[in-house]
Structure formats: C-alpha cells, structure tokens
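The values are calculated or read from the model by the stated rules, or taken from the named source; none is laboratory data. Bear in mind that the values here come from a model prediction, so they are computed numbers and not experimental data. Please note: Cβ atoms are built from the backbone with ideal geometry, for glycine as well, and neighbour counts cover all protein chains shown. All accessible areas refer to the heavy atoms of the entire protein, side chains included, with ligands and DNA or RNA removed. Shrake-Rupley method; radii C 1.70, N 1.55, O 1.52, S 1.80 Å.
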Amino acid sequence: MGVTDAPWCGHCKALAPEYAKAAGQLLEEKSDIQLAKVDATEETELAEKNEIKGYPTLKFYRKGKAMEYNDLANCDTCAGGRTAEEIIRWLKKKTGPPAKDINSVDEAKELIDSGEVVIMGYFKNKESDKAKIYLEIAADNDEFPFGITSEDNVLNEHEAKDGHVILYKKFDEGKNKYTEEVTKEALSQFIKANSLPVVVDFNHQSAQKIFGGDIKSHNLLFLSKSNPSYKEYLDTFTKVARDFRGKVLFVTIDTDEEDHERIVEFFGLKKEDIPDLRLIRLQDEMTKYRPSKAGDLSEKAIRDFVNGVLDGSIKPHLLSQDLPEDWDKHPVKVLVSTNFDEVVFDKSKDVLVEFCK
C-alpha cells in the first residue's frame, strides 16, 4: 500500500504519524503487507502516471492492480480511515477472508476485545445460505472486524444459537443480539443501527461516521458541557434517542469547543439561544428544522419535534435576519422572513420590494 503526499499539506501531516504507526505494527506482526510513501512534489511524473489528483492519496496495490483507499484529500472534517487501527483493519479485510474463522473461546475473546465494535456470526454450518449472507455483508463492510464460528463451546459461552449474530461494542449496552431471519437487508440494518452510540458526541473522529453514514436525519443538541444541568439534559436526550434508533441519529455538539463555533453560527444560533435543538435532513441538499418553542428540552418537546419533522407537520426552517424594532419607522420598510408575507401580500396595498445583498 502506498501514500502519495505533499510536505506542505495539512492533511498529509495529520496522516503521517498514523501511517507510520500502522507500518510499524504490521512489521511487528510479520505481515506480508508493506506500506510505502511517495513525495509527489519530487516524484511528479510518478504521481501523474498513477493519476494522483489530491493529497494525501492512499492506493492499495494487489497483484499489480491499484485500489483506491479513501477520498482523504477532499474531506475537511472526516477522520474515518485515518487512524492506524482503521488503516490496518481495511488492509486485512482486503487481503484476508471477510470474517475471521474462530475455533475457540479464547480466539473469540481476542477478536471481541480487538475493536470498539466487533461482529460475530454463529453458524453451525458455515456453508449454509444464512452464513453466506453474513459473509457477503462482512465482505462489503470495511469498518468493523467480523468473526464466524460453528464451535459449540463458543456458542454456549456467548449464549448464542445457530443463525444468531451478535454485535459487541465498548459503549451503551455492550452488545446487541440479532435473532431474526438472516436476510441481507435486515442484518445490514441491524449492524448500521447498533454500531453507533445511541447519542453520538460530535468531534473530528466521529464526523465521518455521522455525515457519511446511512442515517440521513440528524437531531442535533447544542449544549455546553459546563452547563450545570448537562447530565440531566443528556439523559433525557438519550432516552428519546433510543426510540428513534436506526431512523434518526441523535448528536450532541459541545458549544464550549472553539472548533464548533462555525457550526453554531451555521445554524443561526447565538450563545443566548443555547441549549437548543436543530434537526437536519441530508438528501440532495441539507434541510434544516428548528422547534417551535426554543430551548424546550423536555422529553415530550424533543419527541414531538422529531415526530413533527418525520411526519411533515414541522416545515423546514430558513435562516433569517432578526426583525429590527424600527423596521416600519422609516419610508423604506425593512423586510425579513418573519414579516415578509404580512407586508408584501397585504391586498390593500401595492408593495415594491428591493432584494439586495
């Protein structure tokens, strides 16, 4: 695997220590996988030959054929795939079986302890149709390590039956067991819904999982971690989040973080507005929603807000300038979204409007 970088690039500098760490770990494991590095500012011809369009670019060469790793150069906020652990996991998934064959309780424990999220499939017959569906899902998923076992002692140790899939995680309830009929759609949805915390704290590490995931509706809680009622607010937010799991992603944004000031401004919030909620839906473009009553973080208010967006009774919110107190005190009136319809569509008057920047 090779990385093409430029010494002046901030993304390259951030990736470099993790890439070196991954190389060192693979060397310790005596892996056949080798990591290499190309300085594209020196090797311009080589970079052009390999169609390098941004920095850093990671490419995996297997039997002489190049495979793209990730679009790291065009992602300002994401951190997915940039850690040593993620790089190694991706490489092992591409060079080995989709799921590790587990033959003992100790091997199962070692795999389960190896990652933040680990998926284990328990199948008496690894050639069965349901086992093949599981392995197909594992092959398509580069994010998490997968294991598969048919050993009775491993099934008994984990209280699993034939066809069960258990998702182990180092947060929330610790594990989730899938016991329904094994279909690709249902099992994939189970993994997507349970592999993220019920409430995700927004940061550089989680941004890619939040915005790059399959759940496109995000309920955002803007809240200062120094707020005396922080835990109370978070507990209520988490309680509601459980009921929307797999449908709406609940995210907390710490407004004490300097890096988050731009996000707060983007949603038109001011310091005096916090704590408050905003919901976004990421379809062709981002659509924003806000509660009808600002600052109400009761369980009922949060639940009604999310349901209102989902059922369409709450309409998208467009950012608007605050209505000045003296908007009608001068010959030329000031219009914003809150008074526009009332003034412009008043049938008793003719209104000429100048739209300006």
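State whether the residues of segment 270-283 include one that is surrounded by fewer than 16 Cβ atoms within 10 Å (Cβ to Cβ), assigned to a loop (DSSP other than H, G, I, E, B) and in contact (Cβ under 8 Å) with a residue 40 or more places away in the chain. Yes - at least one qualifying residue is present in segment 270-283.
Taking the conditions exactly as written (open to solvent by less than 100 Å² (accessible area, probe 1.4 Å) and at pLDDT below 85), does residue 351 satisfy them or not? Reasoning before the result, please.
Details: open to solvent by less than 100 Å² (accessible area, probe 1.4 Å): yes; at pLDDT below 85: no.
So residue 351 does not fit the description; no.
Scanning segment 197-233 for residues that are small (Gly, Ala, Ser) and within 21 Å of residue 167 (Cα to Cα) turns up 206, 212, 213. Scanning segment 216-230 for residues that are under 13 Å from the mean Cα position of the chain (by Cα) and surrounded by fewer than 17 Cβ atoms within 10 Å (Cβ to Cβ) turns up just one, 216. Here residue 316 meets each of (1) more than 25 Å from residue 203 (Cα to Cα); (2) open to solvent by less than 100 Å² (accessible area, probe 1.4 Å); (3) part of a loop (DSSP other than H, G, I, E, B); (4) free of Cβ contacts under 8 Å to residues at least 12 places away in the same chain with one exception, condition (4). The residues of segment 31-64 that are open to solvent by 90 Å² or more (accessible area, probe 1.4 Å), modelled with pLDDT of 80 or more and assigned to a strand (DSSP E or B), listed by number, are 37, 61. Can you say whether residue 132 is surrounded by fewer than 18 Cβ atoms within 10 Å (Cβ to Cβ), touching a strand residue (DSSP E or B) at 6+ places or on another chain (Cβ under 7 Å) and over 30 Å from residue 250 (Cβ atoms), as far as the supplied structure shows? No.
For (1) farther than 30 Å from residue 83 by Cβ; (2) modelled with pLDDT of 95 or more, each residue gets a yes or a no:
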residue: 206; (1), (2): no, no
residue: 222; (1), (2): no, yes
residue: 241; (1), (2): no, yes
residue: 261; (1), (2): no, no
residue: 265; (1), (2): no, no
residue: 271; (1), (2): yes, no
residue: 289; (1), (2): yes, no
residue: 295; (1), (2): yes, no
residue: 298; (1), (2): yes, yes
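Given the condition under 22 Å from residue 295 (Cβ atoms) and part of a loop (DSSP other than H, G, I, E, B), answer yes or no: does some residue in segment 243-253 qualify? Yes, because at least one residue in segment 243-253 is under 22 Å from residue 295 (Cβ atoms) and part of a loop (DSSP other than H, G, I, E, B).
For segment 231-248, the tally of residues that are buried (at least 17 other Cβ atoms within 10 Å of the Cβ) and either free of Cβ contacts under 8 Å to residues at least 24 places away in the same chain or out of contact with any helix residue (DSSP H, G or I) (no Cβ under 8 Å at 6 or more places or on another chain) (or both) stands at 3.
Can you tell me which of 181, 185, 173 is open to solvent by 70 Å² or more (accessible area, probe 1.4 Å), assigned to a loop (DSSP other than H, G, I, E, B) and within 25 Å of residue 126 (Cα to Cα)?
Working: 185 fails: assigned to a loop (DSSP other than H, G, I, E, B); 173 fails: within 25 Å of residue 126 (Cα to Cα).
On inspection, the qualifying residue turns out to be 181.
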